[in-house]
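Below: one structure, written as structure tokens.
The values are calculated or read from the model by the stated rules, or taken from the named source; none is laboratory data. These figures come from a predicted structure and were not determined experimentally. No Cβ is skipped: glycine too gets one built from the backbone with ideal geometry, and neighbour counts run over all protein chains shown.
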Amino acid sequence: MLKLDITLWIQIVEALILTFILHYILTKPVMSYMEKRKEHFKALEKEIDELMKSVEDNIKRYEEEIAKAREEGIKKREMLKEEGRKIEKELLAKVMKEVEEYKNRWAQEFARQLEEVRKQLQANIEMFANLIVERVLGRKV
């Protein structure tokens, strides 16, 4: 059976004192450490979120720059193609002009040589006629 004497009150007081001592020695420091740790993790999460946002912004800016560079590259390529076409047309026109001049010179030279051959043949027509008559008739004229 339970006796209600002074020892019960002493044990209750001891338990309360021990509870307060343990609260200040163990519970309060552990709880403050856990609170600091919780705050530290919140700060780290906030920093991670900021870094992720920064990374996303940098990636977006990078993609925009890449798109802009591609667009400029396409424009430059088209411009260079157009320049190449112009140069090609100029060179082709120049070559065609040179070929035409060369053709005209050869045509003139051919016509000149043909005229010379005609003159030579005209000069020798009498002789050729006599040769043909001689061969056909078998006698000299």
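Report whether or not Y33 is of a type in the set (S, T, Y) and under 30 Å from H23 (Cβ atoms). Criteria met by Y33. Residue pairs whose Cβ atoms lie under 6 Å apart, sitting 6 or more positions apart in sequence or on different chains, and linking a residue in region 122-134 that is among the aliphatic types (A, V, I, L, M) to a partner that is exposed (fewer than 10 other Cβ atoms within 10 Å of the Cβ), are V133/V141. In region 77-100, the residues that are without any contact (Cβ under 8 Å) to a residue 60 or more places away in the chain form no Cβ pair under 6 Å with any partner that is not in a helix (DSSP H, G or I), whether six or more places apart or across chains. Sub-9 Å Cβ pairs linking a first residue in region 1-20 that is in a helix (DSSP H, G or I) and surrounded by 10 or more Cβ atoms within 10 Å (Cβ to Cβ) to a second residue that is at pLDDT below 90 and aromatic (F, W, Y), at least 6 apart or interchain, number zero.
Could we say that E71 is surrounded by 10 or more Cβ atoms within 10 Å (Cβ to Cβ) and modelled with pLDDT of 95 or more here?
In short, yes.
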